[in-house]
Amino acid sequence: MSVTEKELGEFRAQVSAWMKDNKPADPGFLLPQSFMEVGSEQQLEFLREWQHKMWAAGYLGMAWPREYGGGGVEPVFQTIADQEMRRHLVPICFNIIGLGWAGPLIVDTGTEQEKVRYLKGILSAEDIWCQGFSEPDNGSDLGNAQIRAVRDGDEYVINGTKIWTTMGNYAKYMILLARTNPNTERKYDGLSFFLSPMKIEGIEARPIQKLTGEYGFTETFFTDARIPADCIMGEEGEGWKIAMKTLQYERGAEAGAAGGHSFVRVVIDDLIEQLGAYSRDGEPLLQDSLVRDQLVKLIIEEKALSLGDRRAGVGPLTTDYPFSLPLSSKLRITEYARRMRQFAISLQGAAGGLYVGDDEAPQGGFWQRAYFNSFSATIGGGTSQVQTNIVGEHILGLPK
Ligand SMILES: Cc1cc2nc3c(=O)[nH]c(=O)nc-3n(C[C@H](O)[C@H](O)[C@H](O)COP(=O)(O)OP(=O)(O)OC[C@H]3O[C@@H](n4cnc5c(N)ncnc54)[C@H](O)[C@@H]3O)c2cc1C
């Protein structure tokens, strides 16, 4: 049954009122600006409670099947709920590796047992998920992953190291890409995909400090870690195919995410609002023609990105290559975000060098922290260079 505009309008009003009434008060400590920057138990527990509350109210996993904790309604309702979350500037949904990629992968391709075991915990935030793809010597070259998984009776024994594991120290489960056969002709055919427990003997996740001084990811060591053999997803040797499918969700080319926004919304309007307070040589900075010129270019770019996003949702406008916009949007959006924040700092003059914690830092160092954190998304999930290759080869049809 198709949903009417009236129903959607009523739903928007309802979710908007809920977000307004339930938006948590400022906790009095710094919250992460994205799911990749959850660095303390304090932040984690605050965000866990918030995600649980949104799910319990029915605003997360709305399109996932009801029998696994979802809402069983049309995806358009989740889109509206997400828009209202962003509009009301509520805290982020931190468990995005579960909500955004492990979860939809299980919904779309998992067994009944996997769906029952994992989906509800992802939505309720009881079970935090992490992703074990990158290794110290194999990041972009994911197909070369070397961590070993050796079958021993009813278990696999895992040995090796993963790195840059977002929330590796908090996660209960990991989507793990490991090598079950080192002797295949094609390196990809020796890989398998596991839904691995994390809180077991033999797995140690050591937090890594970031450019911001905060934490968010770990180096994750596996030393004879024994996981049940039924943690494998699909068959041995199918890991590459499943990992590629996972990346489709992660990079936005495949729908199915449970919803929830995972980045603090920072837009050019936020900067314009603050620019009124800035001056240079006694003149308001907003009157400076060079600043205005740069600002307008960014405004146009931001507008084009948001229109591109809307266009991606209209099938007949993307028939030339259906995934061209989603596939290229990660590259365009993350690079734009980084340049926009850099521009904000450049307007602060000498004070641009001050950071969070310094009383003199403009806006409490907000833009500095946002700028440092903006590099995360240009690297995680595939670097901008790798994304550029994908656009060149798969969309523009250029040679490798
Ligand atoms: C904040 C953050 C969170 C992350 N979270 C996770 C996580 O939860 N789980 C996980 O598994 N990984 C995670 N990662 C790791 C991320 O996926 C890798 O860092 C990324 O894939 C790049 O791999 P690498 O660091 O080994 O760099 P490399 O692959 O060694 O690349 C080094 C440089 O070479 C360039 N390069 C490499 N190959 C090519 C090519 N073919 N063409 C052109 N240029 C190329 C890259 O663009 C880069 O500039 C995270 C990273 C960050 C920054």
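The values are calculated or read from the model by the stated rules, or taken from the named source; none is laboratory data. Computed from a predicted structure; not experimentally measured. For neighbour counting, all protein chains shown are included, and Cβ atoms are generated from backbone atoms with ideal geometry for every residue, glycine included.
Every residue in the stretch 132-141 that is crowded, with 18+ Cβ neighbours inside 10 Å and more than 7 Å from the ligand (Cβ to nearest atom), please.
Passing the criteria: only GLU135.
Before we move on, is GLN33 surrounded by 18 or more Cβ atoms within 10 Å (Cβ to Cβ) and assigned by TED's automatic domain parsing to the domain that holds GLY72?
Answer is yes for this residue.
So which of PHE222, PHE193, PHE217 is within 30 Å of ASP358 (Cα to Cα) and buried (at least 22 other Cβ atoms within 10 Å of the Cβ)?
PHE217
Being of a type in the set (Ser, Thr, Tyr) and within 16 Å of the ligand (Cβ to nearest atom) is the filter; apply it to the stretch 341-400 and report the residue that is farthest from THR318 (Cα to Cα).
By that ranking, first place goes to TYR371.
Only one of these is within 28 Å of TYR371 (Cβ to Cβ) and part of a loop (DSSP other than H, G, I, E, B): VAL90, VAL3. Name it.
Sole residue among the options that is within 28 Å of TYR371 (Cβ to Cβ) and part of a loop (DSSP other than H, G, I, E, B): VAL90.
Output the residues belonging to the stretch 309-332 that are under 21 Å from ALA377 (Cβ atoms), surrounded by fewer than 19 Cβ atoms within 10 Å (Cβ to Cβ) and hydrophobic (A, V, I, L, M, F, W, C).
PHE323
State whether the residues of the stretch 44-58 include one that is touching a residue at least 40 places away in the same chain (Cβ under 8 Å) and either closer than 20 Å to GLU250 by Cα or polar (S, T, N, Q) (or both).
The answer is yes; a qualifying residue exists.
So which pairs qualify, if the first residue must be in the stretch 281-302 and at negative phi and in a loop (DSSP other than H, G, I, E, B), the second must be surrounded by 11 or more Cβ atoms within 10 Å (Cβ to Cβ) and not aromatic (Phe, Trp, Tyr), the Cβ gap must be under 8 Å, and the two must be at least 6 apart or on different chains?
ASP288/ARG280
Could you please tell me which pairs satisfy a Cβ distance under 6 Å, a separation of 6+ or placement on different chains, a first residue in the stretch 131-145 that is assigned by TED's automatic domain parsing to the domain that holds GLY160, and a second residue that is in a loop (DSSP other than H, G, I, E, B) and more than 6 Å from the ligand (Cβ to nearest atom)?
Listed pairs, sorted by first residue: GLU135/ALA145; ASN138/ALA145.
Quick one: ARG86 ticks every box in (1) of a type in the set (D, E, K, R); (2) at pLDDT below 95; (3) more than 22 Å from GLU254 (Cα to Cα) bar one, so which box is it?
Checking ARG86 against (1) of a type in the set (D, E, K, R); (2) at pLDDT below 95; (3) more than 22 Å from GLU254 (Cα to Cα), the one that fails is (3).
In this structure, is TYR156 more than 26 Å from GLU254 (Cβ to Cβ) and outside any loop (DSSP other than H, G, I, E, B)?
So TYR156 passes the test.
Residues are listed down the side, and each one gets a yes or a no for (1) touching a helix residue (DSSP H, G or I) at 6+ places or on another chain (Cβ under 7 Å); (2) under 30 Å from PHE372 (Cα atoms); (3) free of Cβ contacts under 8 Å to residues at least 24 places away in the same chain:
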site	(1), (2), (3)
SER192	yes, no, no
LEU195	yes, no, no
ALA205	no, yes, no
GLU214	yes, yes, no
ALA225	no, no, no
GLU238	no, no, no
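From the list VAL116, VAL76, which residue is modelled with pLDDT under 95, more than 17 Å from the chain's Cα centre (by Cα), assigned to a helix (DSSP H, G or I) and away from the ligand (no atom under 16 Å from the Cβ)?
After ruling out the rest, the residue left standing is VAL76.
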